[in-house]
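Contents: one structure, followed by commentary.
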Amino acid sequence: MKIFLLFSTLSAACIIASCDSTGGKKPAKVPGNESASIQQKSQVKSLFIDVHHLGTGKVNYEEVAAAHDKDLSVQQKYDVSFLKYWVDEAKGDVYCLSSSPDSGSVRKTHGEAHGLLPSRIFPVQEGTEAEANSKDSYFLDVHELGPGKVSVQDVAGAHQKDLDVQGKHGVNFINYWFNEKEGSVICLSQAPDSTAVIKTHTEAHGLVPVSVTKVLQGQ
């Protein structure tokens, strides 16, 4: 009789242990699902700018817009979000801004969507975006300051100096992105021409860009 009571007690304990605190049964674990879920939650997205050099006369805005639509149709598969893009029709250059777990996911999205792989992909940090106006052209200007020669504080300080001077030259700086490791900075502005952008940078802090490109913006 004692042995029977002991067996009954253990059986009841096992049944209770298989239920949650609300009285429902615990869901069965599917092998691999738990680790996949943890991995997905642990993915941290970063901002990336990727650059396509397609060649003079080999790209127009409509073609890039169509390619961008293809990116949007594929991006979810690789957990990528394409945010904006800029097109230099004269030089055949395209710049894409995206949020992604890594640069490889950006490349895979482009590869599957349309096969136009970028020549360069680099992680960036960005500043605070200002409002655009409707009258002036967009420009991207690039600074190559060198590895270890730029910091978050440096770029923010230089950008503020640009904002203090920009009205004098009819420029509207909208945002900037930078790669601290490589010392690269890209500024987006609206201006009457590229000369106005250069004059603003020169007067504000003396950091003249290596290139200033007129672009069309899409998103």
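Among 130-139, 184-193, how do they line up from the highest to the lowest mean number of other beta-carbon atoms within 10 Å?
Packing proxy ranking, top to bottom: 184-193, 130-139.
When the scattering of the range 154-193 is computed by the Debye formula from its Cα atoms alone, each counted once and equally, what is log10 I(q)/I(0) at q = 0.15, 0.20, 0.27, 0.29 Å⁻¹?
Taking Cα atoms of the range 154-193 as identical point scatterers yields -0.36, -0.61, -0.93, -1.01.
Rank Leu207, Leu117 by accessible area, highest first, at a 1.4 Å probe radius?
Result, largest first: Leu117, Leu207.
Based on the alpha-carbon gyration tensor of the range 109-165 and its eigenvalue square roots a ≥ b ≥ c, which shape applies: rounded if a/c is under 1.5, prolate if not and a/b is larger than b/c, or oblate?
Cα axes put the range 109-165 in the oblate bin.
Show me 84-94, 156-166 ranked by packing, highest mean number of other Cβ atoms within 10 Å first.
Packing proxy ranking, top to bottom: 84-94, 156-166.
Classify the range 109-219 from the C-alpha gyration tensor, please: rounded if a/c falls under 1.5, else prolate or oblate depending on whether a/b exceeds b/c.
Oblate, since a/c reaches 1.5 and b/c is not below a/b.
Can you pull the semi-axes for the range 70-158, root of five times each eigenvalue of the Cα gyration tensor, sorted largest first, whole Å?
In descending order, the three semi-axes are 25, 18, 14 Å.
Taking 7 Å along the Cα-to-C-beta vector as the label spot, tell me the Val152-Gln219 distance in nanometres, rounded to one decimal.
Simple spin-label model gives 2.3 nm for this pair.
Apply the Karplus curve 6.51 cos²θ - 1.76 cosθ + 1.60, θ = phi - 60°, to the phi angles in the range 67-78 and return the couplings in whole Hz, x for Gly and Pro.
In residue order, the calculated couplings are 5, 5, 4, 5, 4, 5, 6, 10, 3, 4, 4, 10 Hz.
What nm value, rounded to one decimal, do you get for the distance between Leu163 and Ala130 when each label is placed 7 Å out toward the C-beta?
0.7
List, in the order given, every pair from Lys58/Lys135; Lys108/Lys135; Lys135/Lys161; Lys58/Lys108; Lys91/Lys135; Lys45/Lys168 whose Cα-Cα distance in the structure shown is over 30 Å.
In this structure, Lys108/Lys135; Lys45/Lys168 lie more than 30 Å apart at Cα.
Can you list residues from other chains, or at least 5 along the same chain, whose modelled amide H is less than 5 Å from the amide H of Glu89?
For Glu89, whose amide H was placed from the backbone, the distant partners under 5 Å are Leu216.
From the square roots a ≥ b ≥ c of the eigenvalues of the alpha-carbon gyration tensor of the range 49-110, which class results: rounded (a/c under 1.5), prolate (a/b over b/c), or oblate?
prolate
The values are calculated or read from the model by the stated rules, or taken from the named source; none is laboratory data. The structure displayed is predicted, hence computed values, not measured ones. Note: ideal-geometry Cβ built from the backbone for every residue, glycine included; neighbour counts use all protein chains shown. Side chains are part of the model used for accessible areas, which takes the heavy atoms of the whole protein and leaves out ligands, DNA and RNA. Shrake-Rupley method; radii C 1.70, N 1.55, O 1.52, S 1.80 Å.
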